[in-house]
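The values are calculated or read from the model by the stated rules, or taken from the named source; none is laboratory data. In this text, all values refer to a predicted model and were calculated from it rather than measured experimentally. In this analysis, Cβ positions are derived from the backbone assuming ideal geometry, glycine residues included, and neighbour counts consider all displayed protein chains. Ligands, DNA and RNA are excluded from the accessible area calculation, which covers all protein heavy atoms including side chains. Shrake-Rupley method; radii C 1.70, N 1.55, O 1.52, S 1.80 Å.
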Amino acid sequence: MAPLPHRLIATALAAASALTAGACAPEPAARSAQRTTITFWTMPFWIGRPDNLKHLVEDFNASQNKVEVRLTVLDWQTGRETIKKAVQNGRGPDVWLANNGLELDLLTSARLAPLDTLGYTAEDLGRFRPLVKVNEYRGRLYGAPLYFDVNVLLYRKDILQKYGFDQPPRTWEELKSTAAAVTTRSAATGKKVSGWQFKGMDDHLNAINPTWESFLCQAGGSLTSPDFKTSTQNTEAGRTAMTYMKSFYTDRISPAGTSALGGFIEGDVAMFSFYQSVISDIAAGNEKTNGKWAVAPMPVGPRSGCSAVGGHSLVARAGLPDPGAAGAFMRWLSSPATSSQFMEFHGIFPYDTAKVPRETRVVVESFYNTDPSWAAIMTQFDRSTADLLLQDRYGFASRWEAQKADVVAGVDGRTPVDQALRSIDDKVGRELNGG
């Protein structure tokens, strides 16, 4: 895969930034010392270049005479829980980074401010892609997307070609037969390569959640009933998905415990799926990966080719003394011009490109036109709906932990499939029914 032509994109980004800054930056003498201070807590979501977050906040502050943002960067391991506890205790930030979909208890307890109370207009909200619905609750939007994620197929072109495959698999059947052939044929040469690995069955256990939900979705499954009151994984669709995943281990196609990402970079794993933002990690493999891999849409299952949806948004706490100040920062950081920069780490642009300024559209299209990964990413994005992520709000804490334990145990054979799915439904059901 050819590397992204950073010079072209940097030039376009600079032009867009100059236009934006020139339109709003006041003269230094006009800046007031009585600026409203907004606290912003975030995890380092800019993959590969975390210092860019600090620079973005500095750029915003330099452009303002009424608002100043104070940035706190937390780690991924504890950051979400730190924010949640602080907000619940009334000592949280004014604005923070949230997962797309948003947490139900913050919505039901009215701790989040609707975007239309922060200065967002109907025109502002109308520019987002329809998938912004993942941040909707009772008809109002509470999160401004910075970017979206979807699960895609990552495959080693060099390995597939070596064992007779010129194209990536397009269906579940092709995925399994291709993976089996690579595993078997490579073993016969004395250097066994795993044809496939499920991310989450490796060194990143949390990854089993979007992995599992992608395959469950493709089998036609759901996480809850339509009224969100019942966990619905122990169904025909759930059994189909887990039995399929388990077959990669019972048929000795995939070795449990092999790192999907690490193995892929080293050439020990031919294919895996995960959010498209993992592309930045693969590209960092340099000579180990340069020109040797590509991206494809997820193989289509019995019912569809859908996948899990992720990504991040900005939210603000309700009851701020100056909600307009928080909104000014949020509208800037999640603006089309700024969001286009997140495409550097393959964050999916959250706006309808037909509804953004021309200079921003030029930047976005430069990414699409110069990196072949984007065609597959956007094909997968267009298959995605808000359904699973909206269901995932209900019983989220229990489901997140239950799937890490029970999906892995069911797939690697330690627990019968029916028992693993019943266990998930029992654990999540208790939370759905108030504990």
**Item:** Interchain or long-range residues, amide H under 5 Å from Trp293's placed H
**Value:** Lys157
**Asked** Can you give the angle from 0 to 90° between the axis of helix 79-88 and the longest principal axis of the chain, with both taken from C-alpha atoms, to the nearest 10?
**Response** 50 degrees
**Prompt:** What percentage of the solvent-accessible surface of the stretch 282-381, computed with a 1.4 Å probe over protein heavy atoms, is contributed by carbon and sulfur atoms?
**Reply:** 50 percent
**Request:** Would you list, by chain and number, the lysines whose Cα falls below 30 Å from the Cα of Lys85, excluding same-chain residues fewer than 8 positions away?
**Result:** Lys54, Lys66, Lys133, Lys199, Lys229, Lys404, Lys427
**Message:** Suppose all protein chains stay in the model; what accessible area per residue would a 1.4 Å probe give for the stretch 317-396, in Å²?
**Reply:** 35 Å²
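Stretched out fully, how many nm does the piece from Asn89 to Arg303 gain, at 0.36 nm a residue minus the Cα gap?
Details: separation 214, 0.36 × 214 = 77.04 nm, distance 4.40 nm.
Result: 72.6 nm gained on full extension.
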**Principal-axis tilt of helix 358-370 within the chain, Cα atoms, nearest 10 degrees** = 20 degrees
**Prompt:** Once you charge only the Cβ atoms, +1 for Lys and Arg and -1 for Asp and Glu, what is the size of the charge dipole of the stretch 95-208 about its Cα centre, to the nearest 20 debye?
**Reply:** 500 debye
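Can you give the FRET efficiency to the nearest 0.05 for Ser280 and Asp418, using r as the Cβ-Cβ distance and R₀ = 35 Å?
Values: r = 39 Å, r/R0 = 1.11.
Efficiency at R0 = 35 Å is approximately 0.35.
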**Item:** Positive dipole terminus of the stretch 179-227, leading residue within Ala181, Ser225, Leu205 (C-beta point charges)
**Value:** Ala181
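For His204 and Thr39, calculate 0.36 nm times their separation in residues minus their Cα-Cα distance, and state this gained length in nm to one decimal. Show your work: numbers first, answer last.
Values: separation 165, 0.36 × 165 = 59.40 nm, distance 3.10 nm.
Value of the extension gain: 56.3 nm.
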**Complete:** Computed over the chain: longest principal axis from alpha-carbon atoms vs helix 396-411 long axis, angle to nearest 10 degrees, is 20 degrees
**Request:** Please calculate how many Å² of accessible area the stretch 98-154 carries per residue, with a 1.4 Å probe and no DNA, RNA or ligand atoms counted.
**Result:** 36 Å²
**Rg/Rg_ref, the chain, where Rg_ref = 2.2 N^0.38 Å and atoms are Cα** = 1.01
**Request:** Can you tell me what the convex hull of the Cα atoms of the stretch 50-158 projects to on average, as an area in nm²?
**Result:** 10.2 nm²
**Asked** Leaving out ligands, DNA and RNA, what percent of the accessible area of the stretch 34-130 is carbon and sulfur, probe 1.4 Å?
**Response** 48 percent
**Message:** Quick check on the chain: helices-only [θ] at 222 nm, where DSSP H runs of length 4 and up contribute -39,500 (n - 2.57) each and the sum goes over total residues. Nearest 500, please.
**Reply:** -13000 deg cm²/dmol
**Request:** Of the options Ser194, Ile265, Asn234, report the single residue whose Cα projects farthest towards the positive end of the charge dipole of the stretch 187-270 (beta-carbon charges: Lys, Arg +1; Asp, Glu -1).
**Result:** Ser194
**Request:** With +1 on each Lys and Arg Cβ and -1 on each Asp and Glu Cβ, and nothing else charged, work out how big the dipole of the chain is about its Cα centre, in Debye to the nearest 20.
**Result:** 140 debye
